[in-house]
Amino acid sequence: MHDREYGNGNGIGHDNAIGKGHSNGNSHPIGNGNGISNFLNGFANGNDIGNGLGNGHGMGNGHSNDNGNVNGNGAKGKKMKPMESEVLREQGHIMVDFIADYYKNLEDSPQDFPVLSQVQPGYLRDMLPDSAPDHPETLKELLDDVSKKIIPGITHWQSPGYFAYYASSTSVAGFLGEMLNAGLSVVGFTWLTSPAATELEVIVLDWLAKLLQLPNDFLSTGNGGGVIQGTGCEAVLVVVLAARDKILKKVGKTSLPRLVVYATDQTHSSFRKACLIAGVHEENIRLLKTDASTNYGMPPESLEEAISSDLAHGFIPFFILATVGTTSSAAVDPLVPLGKTAKSYGIWMHVDAAYAGSACICPEFRKFIDGIENADSMNINAHKWLFANQTCSPLWVKDKYSLIDALKTNPEYLEYKVPKRDEVVNFKDWQISLSRRFRSLKLWMVLRLYGSENLRDFIRDHVNLAKKFEDYVAQDQRFEVVTTRYFSLVCFRLAPVGGDEDTCNEHNRELLATVNSTGKIFISHTALSGKFILRFAVGAPLTEERHVTEAWQTIKKLASKFNRNGNY
Ligand SMILES: Cc1ncc(COP(=O)(O)O)c(C=O)c1O
């Protein structure tokens with residue numbers, strides 16, 4: 001019990017399990033009713049969150065007294081502070097229980113959690129007050145609102161029935177790392193502002209580079225190194241800026257309108273955005289056409305042709321973005337020939353491996369980044385498939401000075417005791433923003449608390465589950481697998497009948513909507529060569545074989561409504 005300071009003895013403690021149904025609130029500080037363990041069922045079946053989290057005492061029950069004390073009935077004379085260790089201890093335990101219950105209920109009572117949120121736009125406005133409260137409310141009140149008002153508006157990315165887009169993989173280690181990060185809450189923009197934050201990041205990204213078998217040029221021991229960007233979009237932006245400034249140094253700033261970049265029509269939209277921010281003219285962004293003949297990877301000869309043509313017309317090719325695992329269909333651009341071309345023309349090549357990069361820690365998938373030795377930079381999203389929780393985008397570059405030259409700022413107020421260039425790393429010069437989170441902590445924790453062997457197994461499990469789904473699809477004549485599957489994404493659709501692509505697209509669109517409206521699973525879609533394609537991406541941490549089988553049963557059953565002339 002730590003409630004004496006805050007209330008009159010009935011408050012929040014953490015020595016009793018939450019939600020065990022104790023009713024007097026005196027000796028069992030948390031919960032005097034159904035308890036918080038029912039909270040998630042609450043929104044679905046109308047039960048209250050439970051009368052947990054104290055009995056109107058402790059932790060403040062929302063009253064402010066005359067002298068501004070707001071910590072509860074018995075806290076007269078004690079001023080509330082934003083960070084108090086004992087409050088943190090008590091409320092932190094409650095929050096961890098709340099979150100653990102969320103995961104347990106996601107698994108045990110999936111029917112209570114429509115994977116794709118079913119609320120309508122604006123649903124929340126009517127449920128919340130127009131303005132922020134003047135006086136504190138209790139954690140119980142707040143969690144009650146989370147259960148009743150927020151959870152219904154959550155699309156459950158961590159549900160075992162989540163198969164949309166790409167997963168945002170969580171893990172206990174990643175979660176704990178986030179927690180530690182939030183707790184320490186340091187801002188390591190320069191080495192000085194938290195030496196450990198900088199040094200751990202350097203070390204952990206070297207570890208990860210070695211797991212990916214990146215060439216030594218990407219390690220911090222030479223001119224290269226890694227930095228954790230917030231997102232994949234930021235990673236691509238900073239390397240485009242670095243490459244732009246590098247070429248402009250050579251050809252002169254006035255040549256900006258002649259700079260051209262290359263990617264494909266499958267490249268993530270962040271590339272176009274990065275180029276526009278960097279001042280590359282929209283008409284100089286060459287998105288090379290792909291099709292099924294290369295499984296939607298970039299045809300190397302198209303790149304060669306485009307570069308030759310641009311050079312002949314006075315343009316300056318300076319950047320190629322190759323993707324390993326495109327967002328749309330997990331296509332892989334062939335790095336070996338593309339890298340050779342990039343090298344021969346002196347063009348910066350970046351490898352966007354946001355999704356599939358993590359799989360390359362497995363020897364059997366490493367081949368997909370063969371050719372990386374001719375690239376200048378590469379990013380992965382560890383929050384997608386390396387269990388590092390949102391957000392964590394490691395980026396490696398071979399030439400850190402290109403990044404620093406493009407992004408460094410040295411205002412007087414940051415000059416205090418700044419060691420000389422090269423003595424330390426100042427990550428503010430490797431990214432857009434100044435403030436930065438201590439993200440390497442969670443990556444370090446993921447790597448240490450699982451070990452690379454387990455991480456490989458987690459990834460392999462997902463790939464095997466995707467294979468299972470692919471087999472189901474392949475065995476059902478009404479469906480077809482549309483692209484060659486390399487990783488944990490299956491692109492499939494109801495096959496056309498008699499070559500009628502329009503009706504086929506319509507039916508697949510309808511099937512998608514019907515499947516997602518069940519709330520049992522969530523899948524997404526894409527378009528490939530004008531065809532409406534369904535995407536089934538495995539990667540949520542709770543997904544097991546039975547979930548994949550159930551998902552297939554759901555899809556199969558709903559597809560029967562399209563039964564036409566015995567075809568489907
Ligand atoms: C291949 C690829 N690149 C970039 C991104 C963007 O990453 P982020 O959402 O972290 O900005 C994604 C996201 O799905 C992706 O799949």
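Things worth noting here:
- Subset of the range 499-521 (residues that are open to solvent by less than 10 Å² (accessible area, probe 1.4 Å) and either closer than 23 Å to Tyr486 by Cβ or in a helix (DSSP H, G or I) (or both)): Cys504, Asn508, Leu511, Val515, Ile521
- If you go through the range 429-441 and keep only what is basic (Lys, Arg) and open to solvent by 30 Å² or more (accessible area, probe 1.4 Å), you end up with Arg437, Arg439.
- Flag for Ser293 being without any contact (Cβ under 8 Å) to a residue 24 or more places away in the chain, small (Gly, Ala, Ser), in the same structural domain as Leu321 (by the TED database) and assigned to a helix (DSSP H, G or I): yes
- Here Arg485 meets the list (1) over 28 Å from Asp112 (Cβ atoms); (2) open to solvent by less than 10 Å² (accessible area, probe 1.4 Å); (3) within 22 Å of the chain's Cα centre (by Cα) almost entirely, failing just condition (2).
- If you filter the range 223-234 down to residues that are near the ligand (Cβ under 8 Å from one of its atoms) and either at pLDDT below 95 or among the small types (Gly, Ala, Ser) (or both), you find that the one that is surrounded by the fewest Cβ atoms within 10 Å (Cβ to Cβ) is Gly230.
- For beta carbons closer than 6 Å, sequence separation of 6+ or different chains, a first residue in the range 343-355 that is away from the ligand (no atom under 16 Å from the Cβ) and a second that is charged (D, E, K, R), the qualifying pairs are Trp348/Asp376.
Conditions tested, residue by residue: (1) modelled with pLDDT of 95 or more; (2) open to solvent by less than 30 Å² (accessible area, probe 1.4 Å); (3) assigned to a loop (DSSP other than H, G, I, E, B).
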site	(1), (2), (3)
Thr254	yes, no, no
Val261	yes, yes, no
Thr267	yes, yes, yes
Arg272	yes, no, no
Leu276	yes, no, no
Gly279	yes, yes, yes
Glu305	yes, no, no
Thr323	yes, yes, no
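- Qualifying residue in the range 152-171 (condition: within 16 Å of the ligand (Cβ to nearest atom) and within 26 Å of Tyr262 (Cα to Cα)): yes
- Lone unmet requirement of (1) in a loop (DSSP other than H, G, I, E, B); (2) in contact (Cβ under 8 Å) with a residue 12 or more places away in the chain; (3) within 30 Å of Val548 (Cβ to Cβ) for Tyr472: (1)
- Of the residues in the range 310-329, at least one is of a type in the set (Gly, Ala, Ser), in the same structural domain as Ile372 (by the TED database) and more than 25 Å from the chain's Cα centre (by Cα).
- Selection of the range 397-412 for residues being open to solvent by 80 Å² or more (accessible area, probe 1.4 Å) and in contact with a helix residue (DSSP H, G or I) (Cβ under 7 Å, 6 or more places away or on another chain) yields only Lys408.
- So Gln120, is it open to solvent by 90 Å² or more (accessible area, probe 1.4 Å), assigned to a loop (DSSP other than H, G, I, E, B) and either within 28 Å of Thr170 (Cα to Cα) or among the β-branched types (Val, Ile, Thr) (or both): yes
- Residue match in the range 130-138 (condition: assigned to a loop (DSSP other than H, G, I, E, B), closer than 30 Å to Ala551 by Cα and not basic (Lys, Arg)): no
- The residues of the range 264-279 include none that are more than 20 Å from the chain's Cα centre (by Cα) and either within 11 Å of the ligand (Cβ to nearest atom) or not assigned by the TED database to the domain that holds Ile247 (or both).
- Restricting Glu510, Glu544 to residues that are closer than 25 Å to Ser168 by Cβ and not aliphatic (A, V, I, L, M) narrows the list to Glu544.
Residue-wise test of (1) at pLDDT below 95; (2) within 16 Å of the ligand (Cβ to nearest atom); (3) open to solvent by 10 Å² or more (accessible area, probe 1.4 Å).
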site	(1), (2), (3)
Lys340	no, no, yes
Phe368	no, yes, yes
Asn379	no, yes, no
Leu414	yes, no, yes
Pro419	yes, no, yes
Val424	yes, no, yes
Phe427	no, no, no
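- Flag: Asp217 does not match the condition of being more than 25 Å from Tyr355 (Cα to Cα), more than 16 Å from the ligand (Cβ to nearest atom) and assigned to a helix (DSSP H, G or I).
- Taken over the range 446-479, residues that are more than 19 Å from Pro363 (Cβ to Cβ) and among the hydrophobic types (A, V, I, L, M, F, W, C) amount to 7.
The values are calculated or read from the model by the stated rules, or taken from the named source; none is laboratory data. This one's a predicted model, so the numbers in the text were calculated from it and none came from an experiment. Ideal geometry is used to build each Cβ from the backbone, glycine not excepted, and the neighbour counts take in all protein chains shown. In case anyone asks, the SASA skips ligands and DNA or RNA and just uses the protein heavy atoms, side chains included. Shrake-Rupley method; radii C 1.70, N 1.55, O 1.52, S 1.80 Å.
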